[in-house]
Amino acid sequence: MIRKALLAAAGLAALAVGAYFARGRLGEAVDTLRTADPTWLWVAGLCFIAATIAAAGSWSCAVGLAGGDTNLFDSCARYGAGSLVNTFVPARAGDAVRIALFSKLVGHQRRVRSTTGAFAAIGAARALVLIALVAAGALAGAVPLWPLLVLAALVVVAVGVAYLSRKSQGHFLDAFRALADDRKAAARLIAWMLASTAARYGAAAAICASVGTTDAFAAAIIILPALDLAGLFPVTPGNVGVTSGAIAVALKAHGVSMQAGLAAGIAFHAVETAVGLLFGLFAVVWFAPAIRLRARLTSPA
């Protein structure tokens, strides 16, 4: 089942990366996927599930800082709805869906601004965690140091915003103001993001191991920063093709063959998309009663 899903994803990825990669290389990558170790693919799937749950937890924590109140199951549903939209719509429209859904939990009229600020706080926490990951990769000689400068600049800006927001009354800065006043809340947000990044790192390592990439853990350190960079340009639904190409190019620059790198990229995207659809299905089931109730209330008598 997993291999069939990977082959189907390979066909979709070919639409976006075919102009860049030679047809023969893509065919070799698909052949590599046929021999991928299913055990490692299942491990990657479990890691992606853990990463998604932790990411939803970070949203729950950040929205709590902005004045909202929810639980982890509800957060997974709201986050999963965004994942479902991101799978089929470009430009990361799912993030806008998440902001809209989580903003429903905030009581005041400026709830969209507060939730958008919470989203920015999540990004700052993620940048802080990635600094540690990239630093570890740089010490191991797997990645260059220059991404640290970009990430550090983002963290410095976030710290400055948190400090200045203590005297501000703008709702956009609610989450940053709460982070500045409550160190435990900041620690919880960073802990959720650390768990999400660690699980995503584990998924990347498992994917590399499934296609026979040597030193899979070092390869995973290379992949994550490349994916974050590719995520800045979400020009296709689910970033299909872009994700696979980014992983292949990143691994190629560090001595991994284009065939193995492209196979790893397609496998990564396929398994991650499958998990996103799983959480999207959970969101549909979770919100179905509320949708039916609203339909009955708004329908003419």
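The values are calculated or read from the model by the stated rules, or taken from the named source; none is laboratory data. Everything numeric in this text was worked out from a predicted model, so none of it was measured. Cβ coordinates were reconstructed from backbone atoms using ideal geometry, including for glycine residues, and neighbour counts include every protein chain displayed.
Just to verify a result, which residue in segment 206-229, among those that are crowded, with 18+ Cβ neighbours inside 10 Å and among the hydroxyl-bearing types (Ser, Thr, Tyr), is nearest to the chain's Cα centre (by Cα)?
Per the stated criteria, the residue is Ser210.
Out of segment 63-87, which residues are under 15 Å from Gly276 (Cα atoms) and either assigned to a loop (DSSP other than H, G, I, E, B) or of a type in the set (Asp, Glu) (or both)?
Result: no residue meets the conditions.
Per-residue answers, yes or no, for (1) in contact (Cβ under 8 Å) with a residue 60 or more places away in the chain; (2) within 15 Å of Arg92 (Cβ to Cβ); (3) surrounded by fewer than 23 Cβ atoms within 10 Å (Cβ to Cβ):
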{"residue": "Gly238", "(1), (2), (3)": "yes, yes, no"}
{"residue": "His254", "(1), (2), (3)": "yes, no, yes"}
{"residue": "Ile266", "(1), (2), (3)": "yes, no, no"}
{"residue": "Ala270", "(1), (2), (3)": "yes, no, no"}
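Considering only segment 214-231, how many residues are part of a loop (DSSP other than H, G, I, E, B) and modelled with pLDDT of 85 or more? Steps first, answer last, please.
The first filter runs over segment 214-231 and keeps only residues part of a loop (DSSP other than H, G, I, E, B), leaving 214-215, 231.
Checking which are modelled with pLDDT of 85 or more leaves us with none.
Final tally of qualifying residues: 0.
Pull up segment 239-277, narrow it to residues that are in a loop (DSSP other than H, G, I, E, B) and not small (Gly, Ala, Ser), then point me to the one that is modelled with the highest pLDDT.
The qualifying residue modelled with the highest pLDDT is Val256.
Considering every residue within segment 30-48, establish whether at least one is outside any loop (DSSP other than H, G, I, E, B), within 21 Å of Val106 (Cβ to Cβ) and not small (Gly, Ala, Ser).
no
Could you list, in sequence order, the residues of segment 39-57 that are over 17 Å from Thr273 (Cβ atoms) and surrounded by fewer than 19 Cβ atoms within 10 Å (Cβ to Cβ)?
Thr39
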